[in-house]
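A.B. asks: Just dropping this structure here.
A short reminder: the numbers here are calculations on the coordinates, not readings from a lab. Remember, it's a predicted structure, so these values are computed and weren't measured experimentally. Note: ideal-geometry Cβ built from the backbone for every residue, glycine included; neighbour counts use all protein chains shown.
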Amino acid sequence: MNLWRLPLSVLASSFSVLAVSTLVHAAEPKVDYQKQLPAAPEGKVTLEPPKEQDIPDNQYGEMVRHGRDLFVNTQQLRGKTVFNGQNCVNCHLDAGRLANSAPMWGAFGMYPAYRGKNDKVNTLSERLQGCFTYSMNGIAPETGSDTLVALETYFHWLSTGAPINQALRGRGYVRLEKPEGGYDRERGRKLYTEQCAVCHGDDGHGQTVAGQVVFPPLWGDEAYNWGAGMHRVNTAAGFIKANMPLGKPNSLSDKDAWDLAAFINSHERPQDPRRRSQESLDSTAKTFHKHDGFYGKEVGGKRLGNHDNYGENPGVASK
């Protein structure tokens, strides 16, 4: 169609329809496409982050130490921006240093980056805000806040010598092909009893000593919520394969990892915070959960996520 040959009245009408269509499209909820950052190349991990004793004794070094302290003991923000029993180090082992455990030296140089989860280009600050919203079942700290500046400074220091905008060996979690025939929750239940319960408890609620989280909860009110990346079976399987049981990485088969991830993530946990803006469980599942997970699925005669339990999160808008 040649718009320049149309009468002005028709043109005006056409642009009006286009404008309304654009507004309607913009108002649609963001869809979770689960688009991933580039996969880590295969091969031996070569990058070695700096050692803690090499943190400089200056203002920069002070902020690095502050960020590290927040990373390993995020519970010090409990009731402010954290509303469950998680620490950053639970999913990013060895204070964010360990390869194939989503190390921070492998993440820092990859942002800004497009994320399917919120369908836009995210800065590192926005990525961290998402971690607080979902993994910590919390409230996202403001951009430029002491918390985010400290964490980003720590990641910057860990990334000393790392190239920018390049997927490094060991970044992220291992990606496992789904087993032929799928995964088996009941087999995962037996594996959990044998391999995981000693640390995370028979009830999956983890362990604390003197009020400090020693082994994190895997389900229940203190666990990551239904919006966290770790509730996805494929994500959890990759983490388990490369890192669990603690001290015995890669001792489980790929199928073991998938079955364990399915069992763990087929338990209830705090509601996906995005449910607050949706009409129903069905619309939440359709919009945000087009991936390998149990949200909205029936397990044991109950539909997972069919509740209004947000844990301790008071409901303040999170980013």
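A.B. asks: Between Q53 and Y114, what is the label-to-label distance in nm when each label sits 7 Å out along the Cα-to-Cβ direction?
C.D. replies: 4.6
A.B. asks: Hey, another quick one. How many angstrom lie between the C-alpha centres of region 265-299 and region 173-204?
C.D. replies: Computed from Cα coordinates, the inter-centre distance equals 21 Å.
A.B. asks: Place a +1 charge on the Cβ of each Lys and Arg in region 135-214 and a -1 charge on the Cβ of each Asp and Glu, then give the dipole magnitude about the Cα centre in debye, rounded to the nearest 20.
C.D. replies: Working: 8 positive and 10 negative charges, 68 e Å.
Roughly 320 debye for region 135-214.
A.B. asks: Oh, and also: Around V82, which amide H atoms from residues at least 5 apart in sequence, or from another chain, sit under 5 Å from its own amide H, with H modelled in the peptide plane?
C.D. replies: I139
A.B. asks: Sequence-distant or interchain residues sharing an amide H contact under 5 Å with V213, placed H: which?
C.D. replies: When sequence neighbours closer than 5 places are left aside, there are no close amide H contacts.
A.B. asks: Give the residue from A257, Q59, V209 lying farthest towards the positive end of the charge dipole for the chain; charges sit on Cβ (+1 for Lys and Arg, -1 for Asp and Glu) and the dipole is referred to the Cα centre.
C.D. replies: Of the listed residues, the answer is A257.
A.B. asks: Next question. In nm, to one decimal, how far is the modelled label at S283 from the one at I164, with both set 7 Å along Cα→Cβ?
C.D. replies: About 4.2 nm separates the two model spin labels.
A.B. asks: Based on Cβ point charges of +1 for Lys and Arg and -1 for Asp and Glu, what charge dipole magnitude is obtained for region 61-139 about its Cα centre, in debye rounded to the nearest 20?
C.D. replies: 100
A.B. asks: What is the sum of charges, Lys and Arg at +1 and Asp and Glu at -1, for the other residues whose Cβ falls under 11 Å from the Cβ of V64?
C.D. replies: Every neighbour counted, the sum reads -4.
A.B. asks: Using every pair of alpha-carbon atoms in region 44-89, split the distances into 5 Å bins beginning at 0 and state the percent of pairs per bin, rounded to integers.
C.D. replies: 5, 19, 19, 17, 16, 14, 8, 2, 0
A.B. asks: 222 nm [θ] for the chain, helices only, -39500 (n - 2.57) per DSSP H run of 4+, per residue, to 500?
C.D. replies: Working: 11 runs with 111 residues, N = 319.
After summing the helix terms and dividing by the residues of the chain, the value is -10000 deg cm²/dmol.
A.B. asks: Pick from G130, G172, G144: which is most flexible by mean-square fluctuation in a GNM of the chain where alpha carbon atoms under 10 Å apart are linked?
C.D. replies: The residue that fluctuates most here is G144.
A.B. asks: Per 0.36 nm of contour for each residue apart, how much would the distance between R187 and S251 grow if the chain were fully extended, relative to their Cα-Cα spacing? If you can, show how the numbers build up before the last one.
C.D. replies: Details: separation 64, 0.36 × 64 = 23.04 nm, distance 1.66 nm.
Gain in length upon complete extension: 21.4 nm.
A.B. asks: For the chain, set up a Gaussian network in which alpha carbons nearer than 10 Å are linked by springs, and say which option among K241, K44, K117 fluctuates the most.
C.D. replies: Residue with maximal mean-square fluctuation among K241, K44, K117: K44.
A.B. asks: Taking 25 °C and 0.890 mPa s as the conditions, I'd like the Stokes-Einstein D for the chain in µm²/s, using the Kirkwood hydrodynamic radius from alpha carbon pairs.
C.D. replies: Answer from the Stokes-Einstein relation: 116 µm²/s.
A.B. asks: Taking 25 Å as R0, compute the FRET efficiency from the Cβ-Cβ separation of E312 and R276 and round it to 0.05.
C.D. replies: Rounded to the nearest 0.05, the efficiency is 0.95.
A.B. asks: Classify region 230-319: rounded, prolate or oblate, from the alpha-carbon gyration tensor (a ≥ b ≥ c, eigenvalue square roots; a/c under 1.5 rounded; otherwise prolate if a/b is larger than b/c)?
C.D. replies: Taking the square roots of the gyration eigenvalues as a ≥ b ≥ c, region 230-319 is prolate.
A.B. asks: Please state the shape class of region 96-181: rounded when a/c is under 1.5, otherwise prolate if a/b exceeds b/c and oblate if not, all from the C-alpha gyration tensor.
C.D. replies: Because a/c hits 1.5 or more and a/b fails to exceed b/c, region 96-181 counts as oblate.
A.B. asks: Would you mind listing how long region 29-177 runs along its three principal axes, going by Cα atoms, in whole Å with the largest first?
C.D. replies: In descending order, the Cα extents are 42, 38, 24 Å.
A.B. asks: Give the long-range amide H neighbours of N122: residues separated by 5 or more places, or on another chain, with amide H under 5 Å away, using H modelled in the peptide plane at 1.01 Å from N.
C.D. replies: A113, Y114, R115
A.B. asks: Follow-up. Which residue fluctuates most in the GNM of the chain (Cα springs below 10 Å): T81, T133, T193?
C.D. replies: It is T193.
A.B. asks: Moving on to the next point. Using only Cα atoms, what is the ratio of the radius of gyration of region 113-271 to 2.2 N^0.38 Å?
C.D. replies: 1.13
A.B. asks: Write out the GluC sites (Glu not before Pro) in region 107-165 meeting two conditions: DSSP loop, and at most 12 other Cβ atoms within 10 Å of their Cβ. Could you put the intermediate results ahead of the total?
C.D. replies: On the way: sites: E126, E142, E152; in loops: E142.
Loop-located and lightly packed - none at all.
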